[in-house]
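Asker: Dropping the structure in here first, questions after.
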Amino acid sequence: MAQDVKSLLYRLFIHHWPRKLLALVLAIIVWMVVNRSLTITKVVPNISVRIANIPQGKTIEGMQIDGTLSKRVTLSLNGQKAVLDEISAKDLQIVIDAKDKPQEWIAAIHKKNLVSLNPDIDINKHIAKVAPIEMIIRQSKLVAERIPVSITPIGEVPKGYQLLDIYPYQLFMTVNGPEDAVKRLKARGLKLPINLNDVTQEELDQLQSAQGGERSDEISYFVPDLWKKVSLPLLSEAPIQIDDPQAKELRIDFSRQDLIPIGFSIPVTVFFPPKYSKTLNPETYTLATSDFIVKKNGIKVINTPLYAYGVSRHFLETVKDMVQVVIVAGPTQERETLLWNVQFMYPQELENRYVSKVLSESNDIAYEQPSHLLEDYLRNRFRNYMSRFRLYTPDHHKLSLKIELKANAISITPQNTQ
């Protein structure tokens, strides 16, 4: 049996091997010649279109920044099978000449309009013909406009921090393109979403340490240039970098979610509405003192250590001695427990002090030459602090007060809340 197999293999591969080798070589040559001579028809979609010789001051509707049209075309090609089997849209481009053309015309696309982007493909040699198609081309006035870009935060703030704001609120970018398209863009504006999920807690912790350590409650995170791009599908397939000089100052400001001890006494006063003044006034009701409310130098103040939440140390230092708790007096039949609120005295002056203090103490390059936009930004931050300001007890509960009319006194009792 083994002898028969050896005999078979000998006859197949060894016997008359020069003739068999020659036959194999000839077969390969014939296959290559035939394969090269075979022609097929292939439909290639998404071929880019470029317009050449556009008159000065003009552009083409749908033209992107790279000079190609946003609209792609599909061509039916006939040519060598070996080449067309491997060809794709990225290997080809259609070029249309706009010289001496009217405002709008119909361009007939033939083989002469087809150019190769692949050095291994020769249009004249490898492609026999192109099924002609027509395309409407419209010229438009080329304009340049500064388009507003709104900065929009999205996503979640890292644990342990809260978002203060983003500066600048708005940027501008110069856009060149067809008049109608650019006007539509300017009318609606653009949005630049900033994903807060891309900012990590570790990054903010490092920034806090670098910007002042534990006493730094406000942390500035400068937005990387890679994020400062907007999508304009009509003008570019790739996002476009914002060219506004102020873009280098784009920052996200965070604050620590820490309770900050208040190192000063907070006065407590009573407001008597005029409509109740016949029965409720400073002569009929006085604020009762207790372990919680004591009298110092003729002023009644809270005698319990308190903490602030939602603000910074800069803010607390600014409003020190200019904040009080105000109780609104009212008859018991209208409200059993009286309302109270934290009030800031002369808030406009406090706001001016805060802005001046932040600008003078910051080592930030963006603060060295403050613009009116930056000042407005800091003023808005101060107002947000005033609205966020909350008092907390040493056990880290929000301060809750039970305030009642008793005999001829107004009694204040702190309550524990969870």
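The values are calculated or read from the model by the stated rules, or taken from the named source; none is laboratory data. Because the structure is predicted, anything quoted here is derived from the model rather than measured. Counting neighbours? That spans all protein chains shown, and the Cβs are built from the backbone with ideal geometry, glycine included.
Asker: Can you work out which of the residues in the stretch 126-180 that are without any contact (Cβ under 8 Å) to a residue 40 or more places away in the chain and under 30 Å from Lys81 (Cβ atoms) is surrounded by the fewest Cβ atoms within 10 Å (Cβ to Cβ)?
Answerer: Checking each candidate, the answer is Glu134.
Asker: Which strands (runs of 3 or more DSSP E) does the stretch 212-288 wholly contain that include 1 or more residues that are at pLDDT 90 or above and over 26 Å from Gly160 (Cβ atoms)?
Answerer: Numbers: elements: 218-222, 251-256, 268-271.
So the answer is 268-271.
Asker: With Ala288, Ala329 as the choices, which residue is surrounded by 19 or more Cβ atoms within 10 Å (Cβ to Cβ) and more than 46 Å from the chain's Cα centre (by Cα)?
Answerer: Numbers: Ala288 fails: surrounded by 19 or more Cβ atoms within 10 Å (Cβ to Cβ).
Of the residues listed, the single one that is surrounded by 19 or more Cβ atoms within 10 Å (Cβ to Cβ) and more than 46 Å from the chain's Cα centre (by Cα) is Ala329.
Asker: A further question on this structure: Just to verify a result, which residue in the stretch 291-309, among those that are of a type in the set (Val, Ile, Thr) and under 17 Å from His397 (Cα atoms), is surrounded by the fewest Cβ atoms within 10 Å (Cβ to Cβ)?
Answerer: Thr304
Asker: Could you tell me whether any residue of the stretch 360-377 is assigned by TED's automatic domain parsing to the domain that holds Leu405, closer than 24 Å to Tyr221 by Cα, assigned to a loop (DSSP other than H, G, I, E, B) and in contact with a Leu (Cβ under 8 Å, 6 or more places away or on another chain)?
Answerer: Restricting attention to the stretch 360-377, the residues satisfying the condition of being assigned by TED's automatic domain parsing to the domain that holds Leu405 are 360-377.
Right, trim to closer than 24 Å to Tyr221 by Cα and you get 360-377.
The next check asks that each one be assigned to a loop (DSSP other than H, G, I, E, B); those that pass are 362-364, 369-371.
Imposing the further condition that a residue be in contact with a Leu (Cβ under 8 Å, 6 or more places away or on another chain) reduces the set to 370.
Within the stretch 360-377, one or more residues are assigned by TED's automatic domain parsing to the domain that holds Leu405, closer than 24 Å to Tyr221 by Cα, assigned to a loop (DSSP other than H, G, I, E, B) and in contact with a Leu (Cβ under 8 Å, 6 or more places away or on another chain).
Asker: What pairs come up if the first residue lies in the stretch 189-204 and is more than 14 Å from Thr152 (Cα to Cα), the second is charged (D, E, K, R) and surrounded by fewer than 12 Cβ atoms within 10 Å (Cβ to Cβ), and their beta carbons are under 9 Å apart, counting only those six or more places apart or on different chains?
Answerer: Listed by first residue and then by second, the contacts come to Gln201/Lys159.
Asker: To continue, here is another question. Can you tell me which residue within the stretch 82-97, out of those that are outside any strand (DSSP E or B) and either surrounded by fewer than 19 Cβ atoms within 10 Å (Cβ to Cβ) or hydroxyl-bearing (Ser, Thr, Tyr) (or both), is modelled with the lowest pLDDT?
Answerer: The initial filter retains those residues of the stretch 82-97 that are outside any strand (DSSP E or B), namely 82-91.
Among the residues that remain, those that are also either surrounded by fewer than 19 Cβ atoms within 10 Å (Cβ to Cβ) or hydroxyl-bearing (Ser, Thr, Tyr) (or both) are: 82, 85-86, 88-91.
Details: Ala82: 81, Asp85: 87, Glu86: 88, Ser88: 92, Ala89: 91, Lys90: 93, Asp91: 92.
In this case the residue turns out to be Ala82.
Asker: Could you tell me which numbered condition Asn113 fails, if it satisfies all but one of (1) in contact (Cβ under 8 Å) with a residue 24 or more places away in the chain; (2) surrounded by 17 or more Cβ atoms within 10 Å (Cβ to Cβ)?
Answerer: Of everything listed in (1) in contact (Cβ under 8 Å) with a residue 24 or more places away in the chain; (2) surrounded by 17 or more Cβ atoms within 10 Å (Cβ to Cβ), Asn113 misses just condition (1).
Asker: Among the residues of the stretch 292-340, write down those that are more than 23 Å from Gln162 (Cα to Cα), acidic (Asp, Glu) and not in a loop (DSSP other than H, G, I, E, B).
Answerer: Residues satisfying the conditions do not exist here.
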